[in-house]
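The values are calculated or read from the model by the stated rules, or taken from the named source; none is laboratory data. None of the values given here were measured: they were computed from a predicted structure. Glycine gets a Cβ as well: all are built from the backbone with ideal geometry, and neighbour counts include every protein chain shown. Calculation scope for accessible area: heavy atoms of the full protein, side chains included, ligands and nucleic acids excluded. Shrake-Rupley method; radii C 1.70, N 1.55, O 1.52, S 1.80 Å.
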Amino acid sequence: QVQPVESGGGLVQAGGSLRVSCKASRAITSVFNSKTMGWYRQAPGKQRALVATITRLSNTNYADTVKGRFTISRDNANKKVYLQMNNLKPEDTAIYYCNTDTQEWSWGQGAQVTVAS
């Protein structure tokens with residue numbers, strides 16, 4: 001079973017930037033390359049929500065709340081997905097997870113992102 005491993009979270013002031021990364025080590029490379037990947041986040045007391053997706057051809061889509069501030073990218077050779085987050089706001093505070101767009105893999109431990117006002 002594939003369980004992505006997220007990294008790169010932290011504490012940042014509002015207006016700052018962070019990049020989170022995700023590696024799907026146990027995925028077969030060709031399988032990873034065929035998947036649309038997504039970043040999700042779960043804020044305290046709220047359900048997990050989709051933030052951004054990237055197709056195998058690197059077409060991207062974003063939730064309205066992060067559009068223009070976040071950028072998703074992928075490195076197929078290394079089975080990695082990234083989320084560059086700029087102009088962070090306190091409401092972006094959450095645990096960030098990656099998974100396929102259909103959530104078919106196990107959830108990792110996530111990366112905690114905390115934005116101080």
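Could you say whether any residue in the stretch 1-24 is touching a Cys at 6+ places or on another chain (Cβ under 6 Å), charged (D, E, K, R) and not in a loop (DSSP other than H, G, I, E, B)? Yes.
Here Ala49 passes the criteria (1) aliphatic (A, V, I, L, M); (2) surrounded by 15 or more Cβ atoms within 10 Å (Cβ to Cβ); (3) within 17 Å of Asn99 (Cα to Cα) except the one numbered (2). Restricting Leu11, Leu18 to residues that are within 16 Å of Glu91 (Cβ to Cβ) and either open to solvent by 50 Å² or more (accessible area, probe 1.4 Å) or within 11 Å of the chain's Cα centre (by Cα) (or both) narrows the list to Leu11. Each residue in the stretch 60-91 was checked for being over 15 Å from Gln13 (Cα atoms), crowded, with 21+ Cβ neighbours inside 10 Å and in contact (Cβ under 8 Å) with a residue 60 or more places away in the chain, and 2 pass. Residues that are out of contact with any strand residue (DSSP E or B) (no Cβ under 7 Å at 6 or more places or on another chain) and over 16 Å from Asp75 (Cβ atoms) within the stretch 1-27 comprise Gln1, Val2, Gln3, Gly15, Gly16, Arg26, listed in sequence order. From the set of residues in the stretch 52-93 that are under 23 Å from Arg26 (Cβ atoms) and among the β-branched types (Val, Ile, Thr), which is farthest from the chain's Cα centre (by Cα)? Only one residue fits best here, namely Thr55.
Pairs meeting the criteria (first residue in the stretch 92-117 and open to solvent by 80 Å² or more (accessible area, probe 1.4 Å), second residue charged (D, E, K, R) and not in a loop (DSSP other than H, G, I, E, B), beta carbons under 9 Å, at least 6 apart or on different chains) are Gln109/Glu6.
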